[in-house]
């Protein structure tokens with residue numbers, strides 16, 4: 001019987017071994033990509049931004065921004081939140097000191113929101129979800145939301161949905177409508193809280209909350225007082241069944257839908273009047 | 001022929017999933033004859049065509065296959081029968097895949113599955129948003145917001161009328177609040193005058209809010 005010399009393997013075995021090696025490589029690569037890459041990319045956001053050409057003029061504020069990033073990361077939020085604001089400031093060619101000041105204000109809002117969630121056991125486990133929610137909350141704070149409104153909305157949402165991520169989403173959806181209403185119609189905080197609580201505890205879908213703005217506009221247009229308007233809206237939320245369960249998607253930014261049943265989403269919808277510059 | 005206003009209502013109905021094929025065909029015919037609508041809805045036309053009966057996503061075309069096609073398939077199956085034994089033999093000789101290769105395949109499939117899932121979820125949760133601005137003296141108008149990292153370079157509005165009306169249609173994820181600005185002539189950052197709410201951008205300027 002012919003003996004096989006060590007190191008000289010039949011062609012088929014050699015091909016099999018090389019294909020197995022290739023598969024092993026694919027396996028290792030997939031494992032790395034699956035586990036390491038996402039973690040690496042989140043951690044590098046700020047560093048990468050400061051290395052970009054747009055960021056050169058902001059080098060003097062880098063240490064202060066990194067300190068802010070540490071405080072944001074410490075509560076479980078991604079530093080991407082700061083990068084988004086840095087991008088906005090850089091595109092608008094804002095002076096570094098002014099950009100830092102705006103970031104400090106935003107970080108204050110981020111920490112307030114995170115604390116409000118953490119004290120209620122609502123902080124999402126998924127950091128990306130937490131970051132998206134916080135981004136929304138920061139915008140609402142800039143629109144005029146106050147801590148009392150946030151607290152009341154979160155508590156009402158917990159009553160409705162328990163300590164879950166959708167509870168936070170529902171609270172933010174209601175708040176996004178009431179803070180816009182407050183700004184537009186100069187409502188009192190006590191009224192915005194009442195409307196937010198009514199919306200959250202209602203059977204309405206989150207996407208239908210925006211119809212309240214149409215109702216407010218119609219009510220104010222008819223000339224009734226602010227107090228009457230709020231009463232009317234509260235009654236409307238309790239009794240009306242908005243749309244047909246369709247998502248409205250009506251934009252607060254010029255995207256006010258002329259027909260609440262339509263579900264059409266517009267920015268500055270042409271049929272709803274266009275912005276003049 | 002359908003008017004532009006009627007075309008808008010068909011688009012509304014389509015977004016709700018309520019447009020019937022005759023409406024979609026009428027809309028497409030309108031776009032063939034109206035250059036303004038064709039340009040405005042260029043991005044949506046392929047999606048509308050996709051929803052028409054007879055498109056690849058429409059399974060009704062499979063319900064009554066052509067007789068010749070059926071015969072051809074059956075003929076092919078008959079031919080395969082003669083090679084059936086050999087096929088079975090080959091499958092018996094095939095080696096089992098090692099555990100690590102199966103794990104690699106599982107990770108790859110999982111990654112692809114998650115990717116497709118996210119894509120589908122994102123697409124079902126998006127809204128078409130139409131931004132309009134009247135800026136008669138502008139040479140260019142762009143759109144920048146937190147949805148495009150404030151990078152206006154790929155969001156040029158099109159001038160759609162001589163009186164200086166500029167428009168752009170974008171798709172955005174629903175259930176969020178967005179801040180945005182128009183950028184006139186690449187320099188002037190302005191809020192959308194028809195937005196329902198304006199906010200202080202924190203830098204001494206104003207941004208507009210969009211709630212979807």
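Could you tell me the distance between the Cα centroids of the stretch A:168-245 and the stretch B:147-212, to the nearest Å? Taking the Cα centre of each part, the stretch A:168-245 and the stretch B:147-212 sit 25 Å apart. Modelled label positions at residue A:224 and residue A:51, each set 7 Å beyond Cα in the direction of Cβ, lie 6.0 nm from each other.
Projected over all directions and averaged, the alpha-carbon convex hull of the stretch A:49-143 occupies 5.9 nm². Full extension of the chain between residue A:26 and residue A:111 yields a length gain of 26.4 nm, computed as 0.36 nm times the residue separation minus the alpha carbon distance.
Taking the fewest neighbouring Cβ atoms within 10 Å as the starting point, the ordered list for A:79, B:162, A:188 is B:162, A:188, A:79. Peptide B:141-148 shows a mean partner chain C-beta count of 2 within 10 Å per residue C-beta.
Applying 1/(1 + (r/R0)^6) with R0 = 22 Å to the Cβ-Cβ distance of residue A:101 and residue A:70 gives a FRET efficiency near 0.75.
Averaged over the residues of peptide B:132-139, the number of Cβ atoms from other protein chains lying within 10 Å of each residue's Cβ is 4. Highest mean first, the peptides A:165-177, B:183-195 sorted by other C-beta atoms within 10 Å per residue fall in the order A:165-177, B:183-195.
Ranked from largest, the principal axis spans of the Cα set of the stretch B:127-211 equal 35, 30, 23 Å.
The slack in the chain from residue B:49 to residue B:105, taken as 0.36 nm per residue of separation less the alpha-carbon distance, amounts to 16.6 nm.
Coordinate-derived values only; no laboratory data. Fair warning: this is a prediction, and the values are worked out from it, not measured in the lab. When we count neighbours, we look across all protein chains shown, and the Cβ atoms used for this are built from the backbone with ideal geometry, even at glycine.
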